[in-house]
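Only one structure is covered here, and it is reproduced in the block below.
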Amino acid sequence: MADGLREKILLEALKEVPFGGFSEETLRAAGKGAGATLADVRRHFPRGGESLVEAFSRWADARMTERMAGTDTARLRDRVAAAVRARIEVMAAHKEAARRAAAFLAVRRVG
């Protein structure tokens with residue numbers, strides 16, 4: 001996530017997600033908390049909650065990759081275990097957001 005404002009909005013949204021889910025209300029509150037305009041929020045998250053879930057996933061992937069940078073093992077099993085451990089560590093502070101993201105995606109895919 002190269003854009004600093006986008007990440008700032010995302011991090012503000014992660015504080016709100018446990019209460020409002022991946023919703024328009026969450027995005028509006030996050031934008032306000034990040035000092036962004038509604039136009040900024042729409043530009044960075046054009047599909048609303050769906051864009052927010054996508055950004056959260058990409059953000060978590062990037063943090064996981066950073067944590068794995070020092071992992072130097074040739075065994076596939078060890079690399080997979082390190083990746084799972086790193087992802088769990090990244091998501092620990094955002095358990096409810098991860099749960100709500102999974103629910104959001106499940107409903108979107110079925111409906």
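Bear in mind that the values in this text are calculations on the coordinates, not laboratory data. If you're wondering where the values come from, they're calculated on a predicted model, not measured in any experiment. Using ideal geometry, Cβ is built from the backbone for each residue, glycine included, and neighbour counts are taken over all protein chains shown.
Data overview
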{"quantity": "Close pairs (6 angstrom Cβ cut-off, 6 or more residues apart or separate chains): farther than 11 Å from residue 53 by Cβ in the range 94-106, surrounded by 15 or more Cβ atoms within 10 Å (Cβ to Cβ) anywhere", "calculated": "94/14"}
{"quantity": "Tally of residues being surrounded by 16 or more Cβ atoms within 10 Å (Cβ to Cβ) and of a type in the set (Asp, Glu) across the range 4-42", "calculated": "4"}
{"quantity": "Residue in the range 95-111 that is out of contact with any Gly (no Cβ under 8 Å at 6 or more places or on another chain), of a type in the set (Phe, Trp, Tyr) and buried (at least 18 other Cβ atoms within 10 Å of the Cβ) present", "calculated": "no"}
{"quantity": "Any hit, the range 53-76, residues being within 24 Å of residue 19 (Cα to Cα), surrounded by 15 or more Cβ atoms within 10 Å (Cβ to Cβ) and hydroxyl-bearing (Ser, Thr, Tyr)", "calculated": "no"}
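One line per residue, one yes/no per condition, for (1) within 13 Å of residue 105 (Cα to Cα); (2) of a type in the set (A, V, I, L, M); (3) touching a Leu at 6+ places or on another chain (Cβ under 9 Å):
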{"residue": "10", "(1), (2), (3)": "no, yes, yes"}
{"residue": "15", "(1), (2), (3)": "no, no, no"}
{"residue": "18", "(1), (2), (3)": "no, no, no"}
{"residue": "22", "(1), (2), (3)": "yes, no, yes"}
{"residue": "27", "(1), (2), (3)": "no, yes, yes"}
{"residue": "37", "(1), (2), (3)": "no, no, no"}
{"residue": "41", "(1), (2), (3)": "no, yes, yes"}
{"residue": "44", "(1), (2), (3)": "no, no, yes"}
{"residue": "51", "(1), (2), (3)": "yes, no, yes"}
